[in-house]
Amino acid sequence: MRELYFDSAATTKPCQAAIEAANRAFDEYGNPSSLHYMGIKAKRMQDHAREQVAKAMGCDPDRVFFTAGGTESNNLALLGAAYAKQRHSRVIVITDSEHSSVENTAKRLENEGFEIVRVSTTNGNLNEEELRRVLDRKVGVVSIMHANNETGALYDLELVRSVINSADCGALFHTDDVQGFLKSGTEGRSRRVTRICDLVSVSAHKVHGLKGCGALYIKKGLSLSPLINGGGHEKGMRSGTENVPAIAAFGAACGDWVSDTNRIEYIEGLRKYAVQQITKGLMDKVSFHEPKSRISSILNLSLPGVKSEVALNYLSGMGVYVSAGSACAGTKRENRVLEAFGLDRGEIESVLRISFCHYNTKEEVSELVDALEGATKLTERL
Ligand code: PLP
């Protein structure tokens, strides 16, 4: 059976460069902390990867700290920044549509006595007025994601930075850039994020690297307390022997992406084609949930009357893989983010997230549209 993968927001296929880099690291399996030549070779691979990730993030390599993924980066950033700033203020500002790795970390802080304020993001628009109001006092941390993982909505980080500065609230600014990294525009917009924010979380497996690897950008001069204590790896920020194969693969995946200057345009073209074809094929049997500003890789829609689970099973049986929302929400379907966007119950129950990458083709999109048409007929058959 031919398999069509349209779930790149959940995870991506590792690219060839990433696989080759990981394989080299499997062969040169030394511990980068060892002083002998095997260790030195591993350390070199890690240093090279750090340079590649830093180039993709637009920052100095010594500001990139490897972690075990986006979840850990978000935990480290939010907890680290909250504790570092708690004498200044125990107020934390996030949005109502953050990924669970930020939302649940904020809840943990709330249990510890911090005050959490959530700014609304209806239709994928960060509410500027609300933001100005909540920042009109001392704030410890502002953590606002760059691109939303369910709807693809892009939040304006430059605006947030200017509000933080003009309000003079003294907050550190963190962004979860796991979905926006390398995907948020053709003009190096991804690279500007490290110039706007103090802390930036990214994840390897969303950009064709391996799972269980990510990084946190920490602005120079900022000191956070680590979550994991031990031998002082990653300049004491994240102890534990480094996952060199995954780190090397992350670097290679970044290098591969940066060298492919047409990738975003290609993905945007696919998405436009998909919207066009779905509109033509499904007509009134589909409603799109389109944010004004968005990344190209995510398309969120509902097939009214067709429950997401039913559509997913049907599509999966045909070898077409999409998602009903965030993979991290797992089986316990979470409506928080879609409610924040403003979808009603019926739309949420029938939502599908289709996400693209440069490996997808127009031909695949056409097959996807045929399969979606089949899914809309499911209720007629019941
Ligand atoms: N943040 C966002 C916006 C995500 O979409 C994800 C994963 O889906 C994460 C964080 C977690 O990243 P990881 O899977 O690397 O832990």
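Numbers at a glance
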{"quantity": "The listed residue being over 20 Å from residue 250 (Cβ atoms), among the acidic types (Asp, Glu) and crowded, with 19+ Cβ neighbours inside 10 Å, out of 177, 198", "calculated": "198"}
{"quantity": "Residue check, residue 92 more than 16 Å from the ligand (Cβ to nearest atom), in contact with a Phe, Trp or Tyr (Cβ under 8 Å, 6 or more places away or on another chain) and hydrophobic (A, V, I, L, M, F, W, C)", "calculated": "yes"}
{"quantity": "Positions within region 18-70 being crowded, with 22+ Cβ neighbours inside 10 Å and β-branched (Val, Ile, Thr), in sequence order", "calculated": "53, 64, 67"}
{"quantity": "Matching option when the condition is touching a strand residue (DSSP E or B) at 6+ places or on another chain (Cβ under 7 Å), surrounded by 15 or more Cβ atoms within 10 Å (Cβ to Cβ) and at positive phi, among 140, 124", "calculated": "124"}
{"quantity": "Test result for residue 131, hydrophobic (A, V, I, L, M, F, W, C) and part of a helix (DSSP H, G or I)", "calculated": "yes"}
{"quantity": "Residue 363 surrounded by fewer than 16 Cβ atoms within 10 Å (Cβ to Cβ), at pLDDT below 95, part of a helix (DSSP H, G or I) and not polar (S, T, N, Q)", "calculated": "no"}
{"quantity": "Failed item, numbered, when residue 291 is tested on (1) modelled with pLDDT of 95 or more; (2) more than 17 Å from residue 339 (Cα to Cα)", "calculated": "(2)"}
{"quantity": "Residues satisfying the stated conditions in region 286-306, i.e. over 21 Å from residue 360 (Cα atoms) and buried (at least 16 other Cβ atoms within 10 Å of the Cβ)", "calculated": "286, 287, 289, 291, 302, 303, 306"}
{"quantity": "Some residue of region 87-96 being more than 24 Å from the chain's Cα centre (by Cα), farther than 17 Å from residue 218 by Cα, surrounded by 18 or more Cβ atoms within 10 Å (Cβ to Cβ) and of a type in the set (Lys, Arg)", "calculated": "yes"}
{"quantity": "Residue match in region 89-108 (condition: farther than 30 Å from residue 343 by Cα and out of contact with any strand residue (DSSP E or B) (no Cβ under 7 Å at 6 or more places or on another chain))", "calculated": "yes"}
{"quantity": "Contacts under 6 angstrom Cβ, first residue in region 1-19 being farther than 11 Å from residue 360 by Cα, partner away from the ligand (no atom under 14 Å from the Cβ) and among the acidic types (Asp, Glu), 6 or more apart", "calculated": "15/256; 17/256"}
{"quantity": "Filter result (away from the ligand (no atom under 14 Å from the Cβ) and part of a helix (DSSP H, G or I)) within region 61-75", "calculated": "61, 62, 63"}
{"quantity": "Residue match in region 112-119 (condition: part of a helix (DSSP H, G or I) and either without any contact (Cβ under 8 Å) to a residue 12 or more places away in the chain or more than 17 Å from the chain's Cα centre (by Cα) (or both))", "calculated": "no"}
{"quantity": "Verdict on residue 182 being crowded, with 22+ Cβ neighbours inside 10 Å, among the hydrophobic types (A, V, I, L, M, F, W, C) and in contact with a Ser or Thr (Cβ under 7 Å, 6 or more places away or on another chain)", "calculated": "yes"}
{"quantity": "Selection from region 39-84 of residues that are of a type in the set (Asp, Glu) and under 19 Å from residue 255 (Cβ atoms)", "calculated": "47, 51, 60, 62"}
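The values are calculated or read from the model by the stated rules, or taken from the named source; none is laboratory data. Note that the structure is a prediction, hence the values are computed from the model and not measured. Positions of Cβ are generated from backbone atoms using ideal geometry, with glycine treated the same way; all protein chains shown enter the neighbour counts.
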